[in-house]
Amino acid sequence: MPLSHVRRRVLRLMNKRARVRLIVVAVAIAIIGVSAYLVLQGSGQQMLTVADVAGGKVDVGERVKVNGIVIGDSWAGSANPMRFEIKDADKPEPTLKVVYARAVPSGFGDKTNATVTGKLNAAGEFEAVEMMTTCPSKYDSQKPFTIAELQAQKAALTNNTVRITAYVVDPGDGARIVLGTTADGGTMLDVVVAGGTAGLTKGAQVEAAGQLGSDGVFMATGVTVAKTAAP
């Protein structure tokens with residue numbers, strides 16, 4: 001067989017192997033890209049309130065996270081799946097019925113702060129596949145703290161569920177707002193509101209429930225407008 005013919009066969013074989021390697025690499029990159037996208041989508045889920053769900057912000061079958069307080073006597077420990085109701089920390093209504101068929105966290109109970117991940121079904125029940133709980137805070141029954149009081153007792157209050165009263169200094173345009181001891185500012189606090197800040201206006205007096213993080217940002221699970229404008 002002529003040498004040139006052998007070379008052509010070798011080159012064709014090498015090109016074929018190179019194409020196969022290229023296809024394998026391309027498929028691997030595509031799989032990694034899709035996996036990364038799904039992870040980012042899952043980790044980027046916005047925390048919603050019970051009022052958000054009741055207000056129609058969630059479509060049937062849409063996977064979301066909802067935070068609320070477990071309503072006393074709304075559940076039975078022997079039931080499987082477990083059914084219970086949650087509400088926002090700052091108001092008795094609306095409520096959301098949750099169905100949960102997995103292992104129940106040991107801290108679950110009346111007035112527990114529960115974050116559930118799942119989907120809303122056609123019957124209006126929330127079918128949860130994940131649940132995280134935190135115990136009720138000893139500060140829940142106390143009168144709301146001012147921002148100045150919160151800052152003064154930062155060491156003791158950080159990562160505890162508390163209520164604060166303040167004025168909206170900057171309503172923001174998403175989930176983050178700035179509250180102050182007065183409508184013009186004073187002592188100010190960055191606040192992230194679960195479910196977004198729609199309906200909050202500058203100068204409104206509000207009461208917020210949530211936790212002050214170690215980074216100094218207050219993570220609010222609910223915000224109630226007390227007055228539409230500062231006095």
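Please treat every number below as a calculation from the coordinates, not as lab data. These figures come from a predicted structure and were not determined experimentally. Cβ placement follows ideal geometry from the backbone for every residue including glycine, while neighbour counts extend to all protein chains displayed.
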T158 to N121: FRET efficiency via 1/(1 + (r/R0)^6), r the Cβ-Cβ distance, R0 30 Å, to the nearest 0.05?
0.20
Distance (nanometres) between label positions extended 7 Å along Cα→Cβ at K143 and D59:
4.7
Point-to-point label distance, S214-Q151, nm (Cα→Cβ direction, 7 Å offset)
2.2
For segment 68-78, just list the computed ³J(HN,Hα) in residue order, Karplus coefficients 6.51, -1.76 and 1.60, θ = phi - 60°, integers in Hz, with x standing in for Gly and Pro.
x, 9, 5, 7, x, 6, 9, 9, 10, x, 8
Do any of K57/K97; K91/K143; K111/K154; K57/K119 go past 19 Å between their Cα atoms, and which?
K111/K154
Label point at V225 placed 7 Å out along Cα→Cβ; residues across segment 140-179 whose backbone nitrogen lies under 12 Å:
168
What residues have an amide H closer than 5 Å to that of W75, excluding those fewer than 5 places away on the same chain, when H is modeled at 1.01 Å from N in the peptide plane?
none
Averaging sequence separations of C-alpha pairs under 8 Å and six or more residues apart, then dividing by the length of segment 145-227, give the relative contact order as a whole percent.
29
